[in-house]
Amino acid sequence: MIKVEDIFENLRENSKNGVIEIKNAKENGAKVVGTYCVFTPWEVIAAAGGIPATLCSTNESTIPDAEKVLPRNLCPLIKSSYGFAITDKCPYFSFSDLVIGETTCDGKKKMYEYLGRIKPMHIMQLPQTIEREEDFEMWRREVVCLKERLEKEFGVTITDEKLREQIKIRNEERNALKDFASLSKLTPPAIYGEELQLVFNHAKTGFDKERVIKELKEMTQTVKEAYENGERRVSGDRPRILITGCPMGGAVEKVIKIIEEEGGVVVCYENCSGIKEKQELIDEGKDPIDAIAEKYLKVPCSCTSPNKNRMDLLETLIDEYKADGVIDVILQACHTYNVESFSVKEVVKGNKKIPYMNIETDYSQNDLGQLKTRISAFIEMM
Ligand code: BJ8
């Protein structure tokens with residue numbers, strides 16, 4: 001039987017497999033649809049026969065090129081995304097036949113205007129607030145517009161049956177990811193936070209969803225069995241950290257590394273590269289367009305106002321994963337997450353009575369020393 005360490009080693013070694021998979025699919029005539037945000041309803045793209053692919057956005061190497069056009073004091077995620085596109089360094093972007101964006105934060109939606117000069121784009125208009133009936137109606141119309149655009153671009157008809165099929169697959173993947181993440185609920189956790197992030201990344205770049213679901217279930221089973229047989233890879237005296245805030249990945253994984261080097265363990269990611277989008281399933285009993293619109297409108301992103309769902313989700317996750325402390329990771333110049341950090345602090349320190357720390361960082365490695373000092377002091381205090 002495969003050892004637990006080997007599972008993660010294989011994932012690290014095969015992290016580029018997604019590129020090969022999509023290249024082969026493209027050569028066989030598949031249509032690729034690039035996405036940036038978890039508001040994009042993947043089910044609609046897949047029901048059109050397209051492959052939804054998350055585009056590159058987490059490396060600092062493309063930022064200097066982006067800054068020839070975009071202002072320097074802009075969020076690194078936006079600059080990196082644009083830099084990847086103009087330098088043609090993101091294979092997923094190169095393969096995309098269409099790119100989908102949403103009107104989330106100001107920087108992102110304005111950047112999309114320039115991206116539209118390079119690739120065909122479809123922009124979904126996201127309501128600013130999500131609580132009124134008219135917000136749902138507006139977003140539902142946007143889902144229908146996307147469906148119609150894909151039908152036109154790819155010369156296909158998206159039936160309710162195809163949508164239902166994709167909803168079922170993606171729900172199964174969400175459940176499989178949540179089951180894997182549940183290994184961090186154990187005391188002590190069965191896995192490290194770096195490994196949890198690795199598995200989320202793996203699912204994101206695995207395009208054959210049935211294979212990904214099977215792999216996730218097997219990984220969960222292997223880790224669970226080893227744990228039940230007494231294997232303890234993570235020491236029980238490591239403080240359990242929940243990470244919230246902006247999406248992570250690539251350059252920002254420095255934060256995870258430091259937390260675990262300094263004696264903590266990340267047990268949960270309340271962000272878009274973690275569990276945020278996975279928590280809620282799509283209702284399989286409803287009209288598929290209604291159900292898709294309803295699910296995605298509930299993504300608790302700071303770009304919507306108010307964003308009470310995020311505070312509720314945070315409280316639930318702190319309890320479920322038995323977090324000892326919360327680290328709020330905010331990308332430089334991300335105003336919405338930065339402003340929201342005050343409410344997050346109120347929930348964490350006020351309601352849950354556990355320590356909270358806010359980190360503002362970018363994609364450079366210049367702040368490693370400072371991050372290390374602050375994170376180490378935070379962990380020591382717990
Ligand atoms: S659903 S979090 S993936 S918008 S970090 S670019 S908000 S300035 S990434 Fe996001 Fe969708 Fe929301 Fe999730 Fe702007 Fe902030 Fe940069 Fe951000």
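Go through K204, K185 for me and flag whichever is in contact (Cβ under 8 Å) with a residue 40 or more places away in the chain, surrounded by fewer than 19 Cβ atoms within 10 Å (Cβ to Cβ) and under 18 Å from R12 (Cβ atoms).
K204
Which count do you get for residues in region 314-339 that are farther than 18 Å from C268 by Cβ and assigned to a helix (DSSP H, G or I)?
4
In region 238-260, what count of residues is obtained for those that are in contact (Cβ under 8 Å) with a residue 60 or more places away in the chain and outside any loop (DSSP other than H, G, I, E, B)?
16
Report yes if E340 is of a type in the set (D, E, K, R) and within 16 Å of the ligand (Cβ to nearest atom), otherwise no.
yes
Do we have any residue at all in region 10-25 that's open to solvent by less than 60 Å² (accessible area, probe 1.4 Å) and touching a strand residue (DSSP E or B) at 6+ places or on another chain (Cβ under 7 Å)?
yes
Among the residues of region 26-60, how many are open to solvent by less than 10 Å² (accessible area, probe 1.4 Å) and of a type in the set (S, T, Y)?
Adding up the residues that qualify gives 2.
If you scan region 303-342, which residues turn out to be more than 22 Å from L196 (Cα to Cα), charged (D, E, K, R) and touching a residue at least 24 places away in the same chain (Cβ under 8 Å)?
Answer for region 303-342, where residues must be more than 22 Å from L196 (Cα to Cα), charged (D, E, K, R) and touching a residue at least 24 places away in the same chain (Cβ under 8 Å): just E340.
Could you grab me the full set of residues in region 320-337 that are at negative phi, open to solvent by 10 Å² or more (accessible area, probe 1.4 Å) and within 11 Å of the ligand (Cβ to nearest atom)?
If the condition is that a residue be at negative phi, open to solvent by 10 Å² or more (accessible area, probe 1.4 Å) and within 11 Å of the ligand (Cβ to nearest atom), then Q332, C334, H335, T336, Y337 are the ones that fit.
Being farther than 18 Å from K322 by Cβ, in a helix (DSSP H, G or I) and touching a His at 6+ places or on another chain (Cβ under 9 Å) is true for just one of L198, L216, L177. Which residue is that?
None of the others qualify; the one that does is L216.
Among (1) surrounded by 18 or more Cβ atoms within 10 Å (Cβ to Cβ); (2) under 16 Å from C37 (Cβ atoms), there is one condition K298 misses while meeting the rest; what is its number?
The single condition K298 does not satisfy is (1).
Within region 350-382, can you find the residues that are part of a helix (DSSP H, G or I), over 20 Å from E315 (Cα atoms) and open to solvent by 80 Å² or more (accessible area, probe 1.4 Å)?
Q370, K372, T373, R374, E380, M381
Does E173 satisfy the condition of being modelled with pLDDT of 95 or more and open to solvent by 50 Å² or more (accessible area, probe 1.4 Å)?
Considered against the rule, which asks whether it is modelled with pLDDT of 95 or more and open to solvent by 50 Å² or more (accessible area, probe 1.4 Å), E173 comes out as no.
So which helices (runs of 4 or more DSSP H) stay within region 13-105 end to end and still have 3 or more residues that are within 14 Å of the ligand (Cβ to nearest atom)?
76-87
Looking at L150, L126, can you tell me which residue is in contact (Cβ under 8 Å) with a residue 24 or more places away in the chain and more than 30 Å from N73 (Cα to Cα)?
L150
So, in region 276-319, exactly how many residues are among the aliphatic types (A, V, I, L, M), closer than 27 Å to N338 by Cβ and away from the ligand (no atom under 13 Å from the Cβ)?
4
Of all residues in region 68-109 being open to solvent by 30 Å² or more (accessible area, probe 1.4 Å), within 30 Å of E27 (Cβ to Cβ) and hydrophobic (A, V, I, L, M, F, W, C), which is nearest to the chain's Cα centre (by Cα)?
Here the residue is F95.
Would you check if there is a residue in region 139-158 being more than 14 Å from the ligand (Cβ to nearest atom), part of a loop (DSSP other than H, G, I, E, B), of a type in the set (S, T, Y) and open to solvent by less than 30 Å² (accessible area, probe 1.4 Å)?
no
Report, ordered by the first and then the second residue, all pairs with beta carbons closer than 6 Å, sequence separation of six or more or different chains, a first member in region 282-296 that is over 14 Å from E161 (Cα atoms), and a second member that is open to solvent by 50 Å² or more (accessible area, probe 1.4 Å).
A293/R140; K295/E280
Basic (K, R), over 17 Å from T35 (Cα atoms) and out of contact with any Gly (no Cβ under 7 Å at 6 or more places or on another chain): does that describe R72?
For R72, the condition - basic (K, R), over 17 Å from T35 (Cα atoms) and out of contact with any Gly (no Cβ under 7 Å at 6 or more places or on another chain) - is met.
The values are calculated or read from the model by the stated rules, or taken from the named source; none is laboratory data. In this text, all values refer to a predicted model and were calculated from it rather than measured experimentally. Neighbour counts are summed over all protein chains in view; Cβ atoms, including those assigned to glycine, are modelled from backbone coordinates with ideal geometry. Accessible surface areas use protein heavy atoms only, side chains included; no ligands, DNA or RNA. Shrake-Rupley method; radii C 1.70, N 1.55, O 1.52, S 1.80 Å.
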